[in-house]
Amino acid sequence: MSHSIDATHNPNLRSWVESANQQNIDFPIQNLPFGVFRTQGSAETTRIGVAIGDKILDLSRCYHAQLLQELPEQLQAACTAPNLNLLMGMETQARLALRHRLSELLRYEQQPSSEREILISMSDAELLLPANIGDYTDFYASIFHATNVGKLFRPDNPLLPNYKYVPIAYHGRASSIVPSGTSIKRPSGQIKKPENSAPSFSPSQMLDYELEVGFFVGAGNQLGQPIYVDKAEEHIFGLCLVNDWSARDIQAWEYQPLGPFLSKSFATTISPWILTLEALAPFRCPAFRRHQDDPQPLPYLCSSLDTNLGGIDITLEVWIRSPQMQEQDMQPLRLSRGSFQSMYWTLAQMLTHHSSNGCNLRSGDLLASGTVSGAEEGSQGCLLEMTQRGSQPIELPTGEARKFLSDGDEVILRGYCEKAGYNRVGFGECRGVILAA
Ligand code: MN
């Protein structure tokens, strides 16, 4: 059961990887997130790794050093694959067995003689996409985001009548998902300015980020066989950070009647490390408490387990650094901070809804939450909301103003979970720099 707390969450565990024992880091021994890497600058076949402190545990090398021997053969084979799809497709039990083995392997008392062969410094590694992502779907699960954005376009009717019934989503583009650190070229597209009667084709002047949480499909479902809400989490492998880059001027002109298209599909950045649901178990919390006047979700989206534990308390932050800030050696500026607890729909509800018509989800598919915005000031997950569509620019420490992103701006997403009695676990970073069109 992915909600269970066990020996791998014990806050007193220490690792023989010294850097993993520091306070307030993202990758202590209690986390054990999965990613895909190769030695920087090499043409090596990619390998699966687990982040531990400032190092990566190389699962292929662990296998060859016979450190995974006790595990089922199929699971060992999945650990030596060039991406995470096979491992994602395995049952929760298998993943749990691997988590326990990795925790044991990295514990202080267990330092292996092969340490040098099975570890690589994160700074020597190139982190790649963790899976072959077949399909990508982006939801719209924050009622605060939906309301704030709705207000900008329809002041008297911000929230459309389906919102509290349907976990709204659009089908995104998997081919343009890139790993953290990839530069993002400013897109061009059709833009119609209010003062013009017709659009022109030009570079976007309203380029934005969207702070989101992504989740990878674990075991998939057969075409025609919906996943029930009680079982939904058994089909989720783990979570990452997502930046759904958005060109607001292109979006405003193209979105009716079928939703976003080229305003989103030019690039989506994801963080390289996937935190499993097991790692997140201590940070589960009740699902968002609906207002008493709100409708209950339809029965196929309701379960008491999900109501009680369907939420996850993840703190999420957006940081920015302009080229001028970088020249003046300034640290990035935090633009916002919010919590994933504020989402109207749970991961289980999104996944259940997605498969409810019989649509088959496949291991490695990526679902994203939509922009995470909270009710509080300073918890808005995109510039469109923060600057009120550019009418209230943000001031940077250099005195520069930002309505939307400028060329050379770097956007950094961060996410982490903290709770008394447990070690913090983090997602690392999701970065991208804007290049000129
Ligand atoms: Mn989005």
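The values are calculated or read from the model by the stated rules, or taken from the named source; none is laboratory data. Small disclaimer: the values here were computed from a predicted structure and weren't measured. No Cβ is skipped: glycine too gets one built from the backbone with ideal geometry, and neighbour counts run over all protein chains shown. The protein model used for the area step is the full one, side chains on, heavy atoms only, and it has no ligands, DNA or RNA in it. Shrake-Rupley method; radii C 1.70, N 1.55, O 1.52, S 1.80 Å.
Loop-located GluC sites (Glu not before Pro) in the stretch 340-437 (DSSP state not H, G, I, E or B) with no more than 10 neighbouring Cβ atoms inside 10 Å: E377.
Of all beta bridges DSSP finds with both residues in the chain, what is the antiparallel percent, to the nearest 5? Counting only bridges with both partners in the chain, antiparallel ones make up about 90 percent. Apolar share of the accessible surface for the stretch 7-128: 44 percent from carbon plus sulfur atoms, 1.4 Å probe.
Per residue, the stretch 136-435 exposes 42 Å² of accessible surface when a 1.4 Å probe is rolled over the protein heavy atoms with every protein chain present. Helix 143-153 axis versus longest C-alpha principal axis of the chain: approximately 20°, rounded to the nearest ten.
Excluding Y63 itself, calculate the net charge of residues whose Cβ lies under 14 Å from the Cβ of Y63, where each Lys or Arg counts +1 and each Asp or Glu counts -1. Neighbourhood net charge equals -1. Nonpolar atom fraction for the stretch 205-294, defined as the carbon and sulfur part of the 1.4 Å probe accessible area, stands at 54 percent.
Select from the stretch 136-220 those GluC sites (Glu not before Pro) which occupy a DSSP coil region and have at most 16 other Cβ atoms within 10 Å, ordered by residue number.
Filter output for the stretch 136-220: E195.
Of the GluC sites (Glu not before Pro) found in the stretch 12-104, those that fall in a DSSP loop while having at most 16 other beta-carbon atoms within 10 Å are E44, E70, E91. By how many degrees, 0 to 90 and rounded to 10, does the Cα axis of helix 92-106 deviate from the longest principal axis of the chain? Helix 92-106 and the main axis of the chain meet at about 60 degrees.
The number of Lys pairs in the chain with C-alpha atoms less than 29 Å apart, excluding pairs fewer than 8 positions apart on the same chain, is 17. Near C359, within a Cβ-to-Cβ distance under 14 Å, what is the net charge of the other residues, with Lys and Arg +1 and Asp and Glu -1? In short, -1. Relative protection proxy for 196-203, 340-347, 24-31, from highest mean packing down: 340-347, 24-31, 196-203 (other beta-carbon atoms within 10 angstrom).
Our helix-only sum for the chain, with -39,500 (n - 2.57) per DSSP H run of n ≥ 4 divided by its residues, gives a mean residue ellipticity at 222 nm of -4500 deg cm²/dmol. Think of the stretch 7-128 as a dipole: +1 on every Lys or Arg Cβ, -1 on every Asp or Glu Cβ, centred on the Cα centre; then among S121, S60, L102, L102 lies furthest on the positive end.
Phi angles across the stretch 19-27 convert, under the Karplus curve 6.51 cos²θ - 1.76 cosθ + 1.60 with θ = phi - 60°, into 3J(HN,Hα) values of 5, 7, 9, 6, 6, 6, 9, 7, 10 Hz, Gly and Pro given as x.
With an 8 Å cut-off on Cα pairs and a minimum separation of 6 or more residues, tell me the relative contact order of the chain in percent.
Values: 1036 pairs, mean separation 93.2, N = 437.
The value is 21 percent.
Rounded to the nearest 20, the Cβ-based charge dipole of the chain about its Cα centre (Lys and Arg +1, Asp and Glu -1) stands at 500 debye.
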